[in-house]
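Just so it is clear, none of the values below were taken in a lab; they were calculated from the coordinates. For clarity, every value in this text was computed on a predicted model and none was experimentally measured. Backbone-built Cβ (ideal geometry, glycine too); neighbour counts: all protein chains shown.
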Amino acid sequence: METSPLESPYAKPTRLRPAMTTTEPLLELTDVAKVYLTETVETRALREVHFAVKRGEWVAIVGPSGSGKSTLLSILGLLDTPTQGSYRLAGVSTEGLTGRERARLRNRSIGFIFQTFNLIGELTVEDNVGLPLGYRGMSAGERKERVREALASVDMSHRLEHYPAQLSGGQQQRVAVARAIVGKPELLLADEPTGNLDSANGAAVMDLLAKLHDDGSTVCMVTHDTSFAKRATRLTSVFDGRVVEDRSQL
Ligand SMILES: Nc1ncnc2c1ncn2[C@@H]1O[C@H](COP(=O)(O)OP(=O)(O)OP(=O)(O)O)[C@@H](O)[C@H]1O
Ligand SMILES: [Mg+2]
C-alpha cells in the first residue's frame, strides 16, 4: 500500500495517537495575521483568522477583490508565511519547519491550480505534468505511468507532445489539474481556477474538482462564481482580511 504523503516523515506522532488523527483537522490556522510591508505602506491582508478544514471538505472561499483570499491560499499552500499566528498542517506545526521541509511537504501534500494555469511554455504537456514528480526518486517508468494516468483522468491523453501555447485555455487548465493531482496530494488549492475560462470550460474544470472531492481529496477553492461556490460543501466568506462568515452547505 502506498503511504500517504502526509505520513512521512511526520508519521511518528500520528501513529502514537491514532484516535486523534481522525478528528484532527487537516489544516488549522489560529489567530493568523498577514501584514505586507513596503517602503511607504503597511497592508493588513489578513487579521485574526481562525480557520480549520477537515479531511474531505470542499471549501469555497469568496469575497471582494483585495479581501485576502489569495493571501489565505498562499499561506495554506506554504507559499507564504503568516506574520502572526500559527498554521498546523496534518498535525504538523509549520512554523518549526526548515525551508527544505516546507518545500517537501508542499511538493508531496499539496496540489495547486491557478487562474492563469502557470504551465511552463518550454515544456510539453507530458513534461509539465511530470514536474512535481521530479524530486521523488521515482523510476522513469513509474513516472511516465503516473503522468499518463493523471492526463487520462482529465481527458488530455491525446495531447502529450503538445506545448501549452498549442492548447485552448480549457485544455491548459485541464493539464494544470493533471499536474496538481499527479503526486496524489491530500490537499488541493485552487485560486479562481475558472477565472480565465468560458462557462463551458469552467464547468468542466468544476466537474473535475467535484470528482476529485468525491474521490477523497480535500479542496479549498477561491471563486467569484456563485454557482460554482454553491457546489462546495462549505462556504467561507472573507472581507477586509477577516473570515466574516463560514457555513456548511451540506
Ligand atoms: N506581495 C504583496 N505586497 C504588498 N501587498 C500585497 C501583496 N500581496 C497582496 N497584497 C495586498 O493584500 C491585500 C489582499 O490581497 P489578495 O491578493 O489576498 O486579495 P484577493 O482577495 O485575492 O483579491 P482578488 O479577488 O483581486 O484576487 C490587498 O490589499 C493587496 O494589495
Ligand atoms: Mg486573488
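Assorted remarks:
- Mean Cβ neighbour count within 10 Å, used as a protection proxy, ranking 149-157, 180-188 highest first: 180-188, 149-157
- Per the Debye calculation on the chain with a single equal scatterer at every Cα and no solvent contribution, log₁₀ I(q)/I(0) for q = 0.11, 0.15 Å⁻¹ amounts to -0.59, -1.11.
- Qualifying GluC sites (Glu not before Pro) in region 61-135, where qualification requires a DSSP coil assignment and no more than 16 other C-beta atoms within 10 Å, comprise E122.
- The HN-Hα couplings worked out from phi for region 86-93 by the Karplus form 6.51 cos²θ - 1.76 cosθ + 1.60 (θ = phi - 60°) are 10, 10, 10, 10, 6, x, 9, 6 Hz, whole numbers, x standing for Gly and Pro.
- Estimated FRET transfer efficiency (S93, T233; beta-carbon r; R0 25 Å; 0.05): 0.40
- Antiparallel %, DSSP beta bridges [both residues in the chain], to 5: 55 percent
- Whole-Hz ³J(HN,Hα) from phi, Karplus 6.51 cos²θ - 1.76 cosθ + 1.60, for region 49-54, glycine and proline x: 8, 10, 8, 10, 10, 8
- Ranked list, fewest to most other Cβ atoms within 10 Å of each Cβ, for I113, I61: I113, I61
- Each label was represented as a point 7 Å from its Cα along the Cα-to-Cβ direction; for D246 and E101 these points are 2.5 nm apart.
- Per DSSP, loop chymotrypsin sites (Phe, Trp or Tyr not before Pro) in region 86-143 with at most 15 further Cβ within 10 Å: Y135
- The phi-based Karplus calculation (6.51 cos²θ - 1.76 cosθ + 1.60; θ = phi - 60°) puts the 3J(HN,Hα) values of region 98-104 at 6, x, 5, 5, 4, 5, 5 Hz, whole numbers, x for Gly and Pro.
- For the chain, relative contact order (Cα pairs under 8 Å, six or more residues apart, normalised by length) works out to 27 percent.
- Each helix, a run of at least 4 DSSP H residues, gives -39500 (n - 2.57); summed and divided by the residues of the chain, these come to -9500 deg cm²/dmol at 222 nm.
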